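Novice: Here it is: the structure, laid out below.
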Amino acid sequence: MELLSSGTPLVAAHRGTAGGNIPCNSLAAYKAALRQGADIIELDVTASRDGKLFCFHPTMEPAHLLSLVPLCLISEKQIEKMRYHNYDLARTKERVLPLDDAFDFLKNKCLINIDKFWMNPALITNCIRRHGLEEQVIIKTPNAEKHFEAIECLAPDLAFMPIVRETDNVSRLLMKRRLNFVGIEAVFRTETAQVISDENIGFLHKNKLAVWGNAIVYSIKDVIAAGHTDDVAMTVDPDYGWGWFKEKKFDIIQTDWVLPLRQYLGETDVRERN
């Protein structure tokens, strides 16, 4: 699995590409992301009351399904009857997608980043192996010992990226463990955070480890990339919003705007060559 940038970062589609009548984490969103040029599709996973895995972000039931009941308290058969609602709160035809169906569709098409892996690690690992996707997935978890131990036990072969906030106190340790440690997802409030210092990024790259950055904004209260965001890129200055990640030598940029980012990266590549 090649994640290190050769100059142009890989583009990760946050929950696919949503917009208009296409909800996030739906089959339509994954199709749209691929059409727009995503290298990686990030998807969230939750489990039903009876252990069926679905592509859905836990806690988002009120926003996306107009339901106050968490999917983890609902049976598979009940979830199969539910439909997403769009931004105008109108019901769409998009169902809550079983992870099996997502894997069937995405196999051999792109890399798959599985968020919320830590909530159902055994079930998700079994699903990955059942579909033969061991070489296609990236799993990620918060930076915590209990998650590292679970992965060592269940999935030491799967490409793994911990979510590291502000200070990278874990990479050197993970390199020595029985894990397929491939890089970190860096989360930071300021440009001076140690996790994204030139020294730390240089160390990671020297050891063939990738750096994932997030241009997405899922809450204005949680600053995760020091203000270098999709919002800024789309409305003010793409160089500040997206170009900064490239200049800092990030290997992956996660975005909600796949096509504009892909076009921007192509334009900057041309500009740099000339």
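Novice: For segment 168-274, which fully contained strands (runs of 3 or more DSSP E) count at least 2 residues that are within 21 Å of Thr17 (Cα to Cα) and open to solvent by less than 10 Å² (accessible area, probe 1.4 Å)?
Specialist: It comes to 210-214, 252-255.
Novice: Right, here's the next one. May I ask you to list the residues in segment 48-59 that are out of contact with any Leu (no Cβ under 8 Å at 6 or more places or on another chain) and open to solvent by 50 Å² or more (accessible area, probe 1.4 Å)?
Specialist: Asp50, Thr59
Novice: Shifting gears a bit: Restricting to helices (runs of 4 or more DSSP H) lying wholly in segment 62-167: which have 2 or more residues that are touching a Phe, Trp or Tyr at 6+ places or on another chain (Cβ under 8 Å)?
Specialist: In segment 62-167, 99-106, 121-130, 145-154 are the helices (runs of 4 or more DSSP H) which contain 2 or more residues that are touching a Phe, Trp or Tyr at 6+ places or on another chain (Cβ under 8 Å).
Novice: Would you be able to tell me the number of residues in segment 101-119 that are surrounded by 15 or more Cβ atoms within 10 Å (Cβ to Cβ) and either of a type in the set (Ser, Thr, Tyr) or touching a helix residue (DSSP H, G or I) at 6+ places or on another chain (Cβ under 8 Å) (or both)?
Specialist: 8
Novice: Hey, another quick one. Can you tell me which residues in segment 1-21 are crowded, with 19+ Cβ neighbours inside 10 Å, modelled with pLDDT of 95 or more and over 13 Å from the mean Cα position of the chain (by Cα)?
Specialist: Pro9, Ala18
The values are calculated or read from the model by the stated rules, or taken from the named source; none is laboratory data. None of these values were measured; they are calculated from a predicted model. When we count neighbours, we look across all protein chains shown, and the Cβ atoms used for this are built from the backbone with ideal geometry, even at glycine. When the accessible area is computed, the model is the full protein with side chains, heavy atoms only, and any ligands, DNA or RNA have been set aside. Shrake-Rupley method; radii C 1.70, N 1.55, O 1.52, S 1.80 Å.
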